[in-house]
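A short write-up of the structure that comes next.
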């Protein structure tokens, strides 16, 4: 049973052409992860919020898989992979432990994911508020399917993460969505958010059995969504 998440943001930048980036990720990097027992699937997403990094990969997994000899061997890069990685503008790798999930689970990748990462002065209290108030509010959105919550184990990022699975972008025009996000700006001193990162991505492809399966209906690259509240502007990582 999956109890963790490998969460990887990346940006090829000017030194890695998009074609080379996707050839490496889809044909070498991502399929290699699925050879590790305990990592059974991976999904790639493209940002639709106009913020970089542009690319997100999500690998639900058993955390023990990351301590296995097979996975440790993969962390020793081939010369081909090393050449690409050193040229990437951004490679932001994070590992999370799952703490809860609400909604219907599916093996199929959602059309869109809204990721909300937070840190605060009182992490347990902030986490309780998120579960008891924020997730139920988002659960009433048109198109909402599932929310999975996590705590950061490794990486440079806010301590808490929620991945909201959505079937459509209509959620971004709903009044209840705006009120739910506005709540992040109105918490009292005990729950004050000290770090926040809000991102929206659309499905790109799925990695299975050594190959990547593209979305059946690609979303146009120019698609955009409604502006997000200023208080939840995404955090950028360079390097």
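The values are calculated or read from the model by the stated rules, or taken from the named source; none is laboratory data. Keep in mind it's a predicted model, so treat the numbers as computed, not measured. Don't worry about glycine lacking a Cβ; one is built from the backbone with ideal geometry, like all the others, and counts go over all protein chains shown.
Structural remarks
- Residue list for the stretch 35-47, filter: out of contact with any helix residue (DSSP H, G or I) (no Cβ under 9 Å at 6 or more places or on another chain) and modelled with pLDDT of 95 or more: 43, 45, 46, 47
- Looking only at residues in the stretch 158-189 that are farther than 19 Å from residue 43 by Cβ and at pLDDT 90 or above, the one that is surrounded by the fewest Cβ atoms within 10 Å (Cβ to Cβ) is 159.
- When residue 126 is tested against (1) part of a helix (DSSP H, G or I); (2) in contact with a strand residue (DSSP E or B) (Cβ under 8 Å, 6 or more places away or on another chain); (3) more than 19 Å from residue 147 (Cα to Cα); (4) touching a residue at least 60 places away in the same chain (Cβ under 8 Å), just one condition goes unmet, and that condition is (3).
- Filter result for residue 50 (in contact (Cβ under 8 Å) with a residue 12 or more places away in the chain, on the phi > 0 side of the Ramachandran plot and within 16 Å of the chain's Cα centre (by Cα)): yes
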